[in-house]
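To start, the structure itself, in structure tokens.
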Amino acid sequence: MQLIDGDEVRARLTYARCIPLVRDAMIALSRGETRQLLRAILPLGDGHLFGIMPGALPGAMGGRGVFGAKLVSVFPDNFAKGRPSHQGVIVLFESEGGAPVCVVDAGEVTAIRTAAASAVATHALARPDAARLAILGYGEQAATHARAISAVRPLDAIAVWGRSYERAQAFAARMEAELGIPAHASVEPRIAVGEADIVCTVTNASEPILLGGWVRPGTHVNLVGSSFAGPAEADEELVVRSRFIADHRDGVLAQGAEFLRAKAAGLVDDDHVAGEIGQVLNGTLPGRQSSGQITVYKSLGHVVQDLAAATALYEGAPS
Ligand code: NDP
């Protein structure tokens, strides 16, 4: 059995590689070519979670197929201790004999594939001239999102907001040095968002840090930080004002907190989820319908993204 650790994932799962992998996986998901269960989340107390995400890609490995699961712990308080909040493994099985063939570090794959999925959505939904990015949050996903979004749109500016202005400044300086794109910290999220064409929310906030009233017409928003029916990073107004695209419709109807809050308030019904990003990508659902429309991509994260990344790493592993 192969073991692919975090260093190897970081070295080999580049954005140039991961973005098309995730794109294809989301198209396969929307075509019904994958199998999956909705994720199960086991609360461990103290805000700690254990997520179990099973799925199968029958078309992978030249049609031989793979299946497997991501097992991931989520310990949000690790951020303050300088440790990753998401840790775990992806276990890959081959479908001919049912043998486990590979174990991959899930923390690194999650960091990269989530941002790659947002980049795929941004490429499909943001205005072609979108050049100013606002990132709410300055943790691991914030960094991977800056890298991935800059791979699909030439960015003029990155604005960063977080609860600590000093940490936002340090993050902006780090990203500017790494990416060569002017980056600055914003004192308030409203200011960062009001100047942006593309907004990514990547925080652990349990109550909205993004209000729909701040978002300019024509903006594309990736809502990423809340991955279960509980914490919501954006308010109901953003949901109502936007063309709302899911990574996986069934998942968002069951676990998409921002959507569920707007629905509970009686402001939208299930039809407000226009469809899935895979449908937009395969041309069966219109994406952005006008330059003034606000588009939202709701990311819960999906096991097909993990399995696609793990399969590519396994197939390309030096023997
Ligand atoms: P990190 O722990 O690295 O960073 C967390 C960030 O959230 C920090 O910037 C932290 O800064 C900020 N934060 C925490 N609490 C609040 C708050 N109340 N208001 C505003 N900011 C807050 O986490 P990751 O970057 O790995 O993940 C970010 C989020 O994305 C998490 O909620 C995670 O569960 C989610 N996620 C979603 C995925 C998906 O597929 N959709 C996949 C992976 C992660 P500070 O504490 O200084 O304010």
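Between Phe93, Phe75, which is among the aromatic types (Phe, Trp, Tyr), farther than 24 Å from Ser226 by Cα and not assigned by TED's automatic domain parsing to the domain that holds Gly230? That would be Phe93, the only listed residue that is among the aromatic types (Phe, Trp, Tyr), farther than 24 Å from Ser226 by Cα and not assigned by TED's automatic domain parsing to the domain that holds Gly230. Checked against the criteria, Val239 does not count as in contact (Cβ under 8 Å) with a residue 60 or more places away in the chain and buried (at least 24 other Cβ atoms within 10 Å of the Cβ).
With respect to the conditions (1) more than 16 Å from the ligand (Cβ to nearest atom); (2) of a type outside the set (Phe, Trp, Tyr); (3) without any contact (Cβ under 8 Å) to a residue 60 or more places away in the chain; (4) open to solvent by less than 10 Å² (accessible area, probe 1.4 Å), Pro128 lacks only one, and its number is (4). For Arg64, the stated conditions hold: it is open to solvent by 40 Å² or more (accessible area, probe 1.4 Å) and within 18 Å of Asp24 (Cβ to Cβ). Selection of the stretch 206-234 for residues being within 14 Å of the ligand (Cβ to nearest atom) and in contact with a Pro (Cβ under 9 Å, 6 or more places away or on another chain) yields Ser206, Glu207, Ile209, Leu210, Leu211, Gly225, Ala232, Glu233, Ala234. Checked against the criterion of being open to solvent by 10 Å² or more (accessible area, probe 1.4 Å) and either within 16 Å of the ligand (Cβ to nearest atom) or among the β-branched types (Val, Ile, Thr) (or both), the candidates Ile149, Ile158, Ile181 yield just one match: Ile181. Candidates in the stretch 295-319 are the residues that are surrounded by fewer than 22 Cβ atoms within 10 Å (Cβ to Cβ) and of a type in the set (A, V, I, L, M); of these, the one that is farthest from the chain's Cα centre (by Cα) is Ala317. Residues being away from the ligand (no atom under 16 Å from the Cβ) and touching a Gly at 6+ places or on another chain (Cβ under 9 Å) are represented in the stretch 186-197 by at least one member. Applying the criterion of being within 14 Å of the ligand (Cβ to nearest atom) and basic (Lys, Arg) to the residues of the stretch 56-90, the residue that is modelled with the highest pLDDT is Lys70. Looking across the stretch 45-55, the residues that are open to solvent by less than 20 Å² (accessible area, probe 1.4 Å) and either modelled with pLDDT under 95 or in contact with a Phe, Trp or Tyr (Cβ under 9 Å, 6 or more places away or on another chain) (or both) come down to Gly51, Gly55.
The values are calculated or read from the model by the stated rules, or taken from the named source; none is laboratory data. A quick note: this is a predicted structure, and the numbers were derived from the prediction, not measured. We place every Cβ from the backbone using ideal geometry, glycine too, and count neighbours over all the protein chains shown. With ligands, DNA and RNA removed, areas are computed over all heavy atoms of the protein, side chains included. Shrake-Rupley method; radii C 1.70, N 1.55, O 1.52, S 1.80 Å.
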